[in-house]
Structures are given as structure tokens and as C-alpha cells.
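This report concerns only the one structure given below.
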Amino acid sequence: MRDITESTITDAVLESFGSTGDARLKQLMQSLVTHLHGFVREVEPTTAEWMAAIRFLTRTGQICDDRRQEFILLSDTLGVSVLVDLINHRMPIGATDTTVLGPFYVDNPPGYPLGADIAEGMTGKPMYCDGRVLTAAGEPIPGALVDVWQCDGDGHYDIQLGGGKLGLRARLVADEQGRFAFWSVVPSHYPIPEDGPVGEMLGATGRHPYRPAHVHFMISHPGHETLVTHIFLDGSPYLESDTVFDVKTSLVTRVAHHDAGTAPDGKRMDRPWGRLHYDFGLKSTAGDPPVATPARELTGARA
Ligand code: BEZ
Ligand code: FE
């Protein structure tokens, strides 16, 4: 393998992986090389540009720690996370669309009883959030675990505020009819972390860092695929330009705004409050028939 030229280098590298024992690894490496060489041939980077790219990726790794994962944020903002999610979650009719997890999930969130206020003093207009966990066929799933996390009315997650206090995150257990409910606050739209290389990339390319207002859910129960999703608030800014490309129409839901009065759980509210209602459908691990993308318009909120 000598005297490699511009026209023989790609085949030479592909051949170097030719005897990889693991067929999938061989496919991954050869496809990566094919596309990476194709990119380089197309854009013909200068050496300075290539070194700038290496430095960008180096800084992306250097800013990562147990709590900051800049590579995932890069994958999110390049649309790769959503593409991988879509490929891996081709859902049957009746199953809720999935989304990316995002960086603000905390393992084993604090447990609360149904109907509890999970705000823990975080700011915002009170919001009663309720719904049901169902099979794709519409049957209730009693005892489903419902993890929920969201930002406050100023766009901050608890773990961004420092001080170690958790708020606006909870684990609930659905009742016998698959119902769940909690009090939180109406979340705001917010910028993704932009003090690192990803923020630089967004700034340099004239992109904004915002996500529309949403509430995150992770819902699990034996016999069903764990559902990771968000409910987006209708009318929020950035629904049409989410910086991580993850808004699905089926997940956009209106918050009904109410004046002071009696809430659905009988609570007397002395100030205005909102209600967000959504029923989720879980995909069975036994396998419901997959549905091609165009038919997915049929899925979504049952509320
Ligand atoms: C989030 O919604 O929490 C999120 C998702 C992807 C990137 C950054 C934030
Ligand atoms: Fe979020």
C-alpha cells in the first residue's frame, strides 16, 4: 500500500477494514469512511480549516463531564439525535411519538403522590397537568411509572439554578385507570446551553439556541417500550424553529387558561392557573404493526 493518490486513498482505507470479523462493525467503519471521504472531497478543506474542526471537536470533548454532554448537544443541534430517534421508533397507530431525552433528566427522580405539587417553590403560573397512560389500542395501563421534568416560567431547570434543590421533576405512579395528575407551573421557552462549542457553532451560523416551551415525560411499564417524549405548549415561540428539530404536531397541546376558581381536583385557586391534558399511548414490546411515516398524522393527542 504505497504511492496512495487522491483517487486511490478511499479504496485503500475501505480495504483495510475488509477483514473485520464483526459484519456490523465492518459496515459501520466502511460507510463512515465512504461518507467522510465524500465530505472532504466535496468541500476540499484547507489544512487550517481541518485543524479548526479538530480543535472544535477537542473542545467539545473537553467541556464534557458527568453533567455536561456537549457531544449529545452537538448531535441534537445537527438533527442527528432526532434522526436516530425516528429510525428507532417507527410507531404504530395509537402510540405516542417519541422525542430526544435532553440533558436535564435526572435518574430516579423524587416520588410524589398523584395530584401533588411538584414545583417545590419554583416560579411560574400554576399548571394542573393530567392525563392517562394507555396501550396503543386505548386500554389503560395501571401502575405505569410516569417521570416528568420541566423548566420554570423563566426557562430554568432546577439543576441550572444551583444549590442542589430539585423541583419541577417527579416520579408518579398511574392509578387503576392509568390516570396521572400533578401541579407544576406553565413552562417557558428557553435556550439550550450555549456557553460551549455548540453555542459557538450556533452563533457563527446565525442560528438561535431556543426550544419551544414543553414538559418532558418518560413513561414505562413492563411489556411496553419506554416512552420518552415531550408535550409542547401550543402558541409557544419557536415551535416552527426548535433548535433540536424535535417538534411533532401530535405532541403540541393547548394549555387551557382559567381565572381563580375551583380546579379539576377540587383545589380552590386564588389566582389564574392553566391546565394541560394529554393521554399517552405506549407501544407493546410484543410488537404492534409498524406504520409508515405519512400515516403518523393519525397518531397523537387523544385529549
Ligand atoms: C431539553 O429539552 O431539555 C433539551 C433537549 C435537547 C437539547 C437541549 C435541551
Ligand atoms: Fe427541555
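The values are calculated or read from the model by the stated rules, or taken from the named source; none is laboratory data. A quick note: this is a predicted structure, and the numbers were derived from the prediction, not measured. Backbone-built Cβ (ideal geometry, glycine too); neighbour counts: all protein chains shown.
Points to keep in mind about this one:
- In segment 216-241, of all residues being in contact with a Pro (Cβ under 6 Å, 6 or more places away or on another chain) and either within 12 Å of ligand 2 (Cβ to nearest atom) or among the hydroxyl-bearing types (S, T, Y) (or both), the one that is nearest to K283 (Cα to Cα) corresponds to F232.
- All positions within segment 116-128 that are within 18 Å of Y190 (Cβ to Cβ), surrounded by 20 or more Cβ atoms within 10 Å (Cβ to Cβ) and touching a His at 6+ places or on another chain (Cβ under 9 Å): M122
- Filter result for D66 (among the charged types (D, E, K, R) and surrounded by 14 or more Cβ atoms within 10 Å (Cβ to Cβ)): no
- Hits in segment 105-115 - residues which are loosely packed, with under 15 Cβ neighbours inside 10 Å, more than 16 Å from ligand 2 (Cβ to nearest atom) and outside any strand (DSSP E or B): D107, N108, P110, P113
- Single unsatisfied condition, T99 versus (1) touching a Lys or Arg at 6+ places or on another chain (Cβ under 9 Å); (2) in a helix (DSSP H, G or I): (2)
- Residues that are more than 14 Å from the chain's Cα centre (by Cα), part of a loop (DSSP other than H, G, I, E, B) and either of a type in the set (A, V, I, L, M, F, W, C) or not assigned by TED's automatic domain parsing to the domain that holds H208 (or both), drawn from segment 70-92: M91
- Subset tally (residues that are out of contact with any helix residue (DSSP H, G or I) (no Cβ under 9 Å at 6 or more places or on another chain) and farther than 19 Å from D279 by Cα) for segment 90-112: 7
- Identity of the residue in segment 27-69, under 30 Å from T229 (Cβ atoms) and not in a helix (DSSP H, G or I), that ends up nearest to the chain's Cα centre (by Cα): Q69
- Selection from segment 67-96 of residues that are in contact with a Gly (Cβ under 7 Å, 6 or more places away or on another chain) and within 16 Å of ligand 2 (Cβ to nearest atom): none
- Members of segment 186-235 that are β-branched (V, I, T), over 15 Å from D246 (Cα atoms) and assigned to a loop (DSSP other than H, G, I, E, B): V186, T205, T226
- The condition (being within 20 Å of A263 (Cα to Cα), of a type outside the set (A, V, I, L, M, F, W, C) and under 19 Å from the mean Cα position of the chain (by Cα)) is satisfied by just one residue among P191, P126, P113, P187: P187.
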